[in-house]
Structures are given as structure tokens and as C-alpha cells.
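Encoded as C-alpha cells, the structure appears first; notes follow it.
Coordinate-derived values only; no laboratory data. Remember, predicted model here, so these are calculated numbers, not experimental data. Cβ sites come from the backbone with ideal geometry, for glycine too, and all protein chains shown count toward neighbours.
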Amino acid sequence: MREESDGLLLRYEDRDTDGTGELRVEAKYRQFSGASSAWFSDNELLRFAEQLLTHPLGDAQLHISGGTGSDDTFEMHVGLTVALGMRGQVAVVAHLATPTNPEINPGSSRSQARVEVLTSYGGLQRFSAELRQLVAGTADEARLEAVTPAQD
């Protein structure tokens, strides 16, 4: 992600013939940032893109997550949650973590970042369209630009 740009940056790489790929996510908002990746199916990402068009959000929370393991041992590497923020703004929370698998992440530490990016319904709509293009292979990335609220 560009140093000066707050928001989310998604890339869908290592596409497989079974309709899955590795989603790489970078999140930055003010002084907080993080990056991670997880495998998703095209259908999961397209469902999430459709959910992003929900307006108004009300009490709804839209969520997608990927990682390793099964229900009992699931280890989340990428989680994206969309909901209303504390002051009624649209917020996208990116929970990003490194895997504990020693083959992928040598060493014993697991780093995690939780970055809340404030945006708008228009921003979500553009992000939804870019995410669909990303899955279709007609775009290299999907960006969600942050909207910084005015200071009180």
C-alpha cells in the first residue's frame, strides 16, 4: 500500500484451478498497519462483495475470514468485518495474523494486527465492484480508501 494512503489493499494471487486463491490483505489507518494472507474461494469473495452493498447497515455485521484448521482448531489469518463504527460511520475492521505453522512462519511468535478503517457507503460500493473484478481476474487489486472524519 502506498505510504500515504490509508485503507485496505487486496490482491488475489496463486489462483488454483479449483476456484480458490490466496488473498493478500494490507491494512493501514493512521499509525496502525498490518498485512497477512489466507486462501479463499471465488464464491466466498463474491458473496462478501455482494454483502458490501447492504445499505443501510443498521445492526448488521458483514464478515469473511480465512485461515487454517477446522472448526475446533481454526486459526484465522485474515478476517474482515464491516459494521457501523462508534460514531455511526461505516467501519471495516481487518484482523490480520501470521500463521503458527513453523513451515510457513519459522520461529515461535504469532503477530496480530487489528486495524479499523473508516469509510463511506460509496467507498464500500466501489470496493465491492473492485473485489468482483479482482475475482474475475480483470483487476490486479481492490482498494478501499479510508475516509478520515473531521476532528471535533
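To test your reading of the geometry: what angle, between 0 and 90 degrees and rounded to tens, separates the Cα axis of helix 42-51 from the longest principal axis of the chain? Roughly 20 degrees between the two axes. Backbone phi angles across region 9-19, fed through the Karplus curve with coefficients 6.51, -1.76 and 1.60 (θ = phi - 60°), yield HN-Hα couplings of 10, 10, 10, 10, 10, 6, 4, 10, 6, 8, x Hz in residue order; Gly and Pro are listed as x.
If you count, for each residue, the other Cβ atoms within 10 Å and average over each peptide, how do 110-123, 10-23 line up from highest to lowest? Could the numbers behind the result be given before it?
Numbers: 110-123: 16.9, 10-23: 15.3.
Ranking, from highest mean packing down: 110-123, 10-23.
Between residue 53 and residue 114, the simple label model (points 7 Å from Cα in the Cβ direction) yields a spacing of 3.1 nm. Between the amide H of residue 6 and those of 146, distances stay under 5 Å, these residues lying 5 or more places away or on another chain, with hydrogens modeled in the peptide plane.
Taking label points 7 Å from Cα along the Cα-to-Cβ direction, residue 14 and residue 31 give a separation of 3.4 nm.
Sorted from greatest to least, the principal axis extents spanned by the alpha carbons of region 7-145 come out as 42, 34, 29 Å.
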